[in-house]
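Rule-based calculations on the coordinates, nothing more; no lab input. Treat the numbers as computed from the prediction; the structure is a model and nothing was measured. Neighbour counts run over all protein chains shown; Cβ positions are idealised from the backbone, glycine included.
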Amino acid sequence: MRFFSKQRKSTSRVGMVIHPDRLAIAQLDDRNGSPVLLQCQSVPLDSPKNAGKLLNQLVKDLELENQQVSYVLSPKDYHLHLVEAPNVEPEELRAAVRWKIKDLMDIKPEDAAIDVFQVPDDAYRGREMVYAVATPISRVRSIISMVADAGLELAVIDIPELAMSNIARRYIADDNGVAFMDLRRTGSTMNISQGGDLYLTRRINTQLEAGVMQSPAWEGLKDRLVLEIQRSLDYYESQMGCSQITRIVLAERPDDSGDIAAELDGMLAAKVANFSLADELDSAVELTPELQQSAFAAIGATLRGSKKQARSDDDKDEQEAA
């Protein structure tokens, strides 16, 4: 199946993501063009092998039977490659990309499920580039089976980078470009977007545990993080031929989001600020920092197709100043 193309049939959508130690699930309704988070839970998972059983119970408890679900892959489930688009017809693109990246994969091309999403035309100085997502077909089949056994309908298999992009497109002003970052103990992600379009996504290898600012290793980690951020911004400007990024937004983390943003703001030329979904998304549940981080991708997946809020960078600056 294609990862990203299936359209939802109703205004309600369920998103889910399985972490090594937790399963997060969210239900959002967008009936009136104003998303409302109806339900959101993140529950402990003793073993990934028990994810199906736990999902079955959650679907029953939350009365989600027959809902469409967007399943977000964990980083270990897929590889993301940026490649030049083959000169083929659109309907032949996935097949052509499959063989273009065959030497980059650790599985046989015929054993991989492949999909692509394009980089905007004005990036890379006119070169047509695409991101290719590759995951084992066996993993896709296991997801389809698990979701069906739980009484849900699989609508989309998504990835965290695009779930992040959905949140940024809806809630973060990027008329002049913005870098949106999700900082985690397992590694971090940076998306750079402009005008609602995703131009660049990069994995940031610096691992930031909870309470990292109280760790003796913080100073070294902070310097490494700043270096990786600056390299990504320089690449966006020099190699892609895009304008300088002057705003960086950090997704909410438990306890230390504001403090990390403040320290990075003092070390980078770009303005760094914290972003909390609790301040933006209407929700029937309390979006604590812990729940936001665990369910971030699940919530982002439910926002696929949600229209961008009519707010410019100037409006955002005025709100922050207030």
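Structural remarks
- Considering helices alone, the calculated mean residue ellipticity of the chain at 222 nm is -9500 deg cm²/dmol, with DSSP H runs of length four and up weighted by -39500 (n - 2.57) and normalised per residue.
- Intensity falloff of the range 75-137 expressed as log10 I(q)/I(0), Debye formula with alpha-carbon point scatterers, at q = 0.15, 0.22, 0.29 Å⁻¹: -0.43, -0.86, -1.30
- Cβ crowding within 10 Å averaged over residues, with 110-117, 267-274 ranked highest first: 110-117, 267-274
- Taking 0.36 nm per residue of sequence separation and removing the Cα-Cα distance, the THR288/ALA95 pair yields an extension gain of 65.2 nm.
- The overall shape of the range 176-225, judged from the alpha-carbon gyration tensor, is prolate: a/c is not under 1.5, and a/b is greater than b/c.
- Full extension of the chain between GLN214 and VAL43 yields a length gain of 58.9 nm, computed as 0.36 nm times the residue separation minus the alpha carbon distance.
- Distance between the range 154-178 and the range 28-102 - C-alpha centres, whole angstrom: 13
- Nonlocal Lys pairs with alpha-carbon distance under 16 Å, the chain (8 or more apart, or different chains): 4
- Rounded to 5, percent antiparallel among DSSP beta bridges of the chain: 70
- Here, the range 1-137 is characterised by an Rg to Rh ratio of 1.04, where Rg is the alpha-carbon radius of gyration and Rh the Kirkwood radius.
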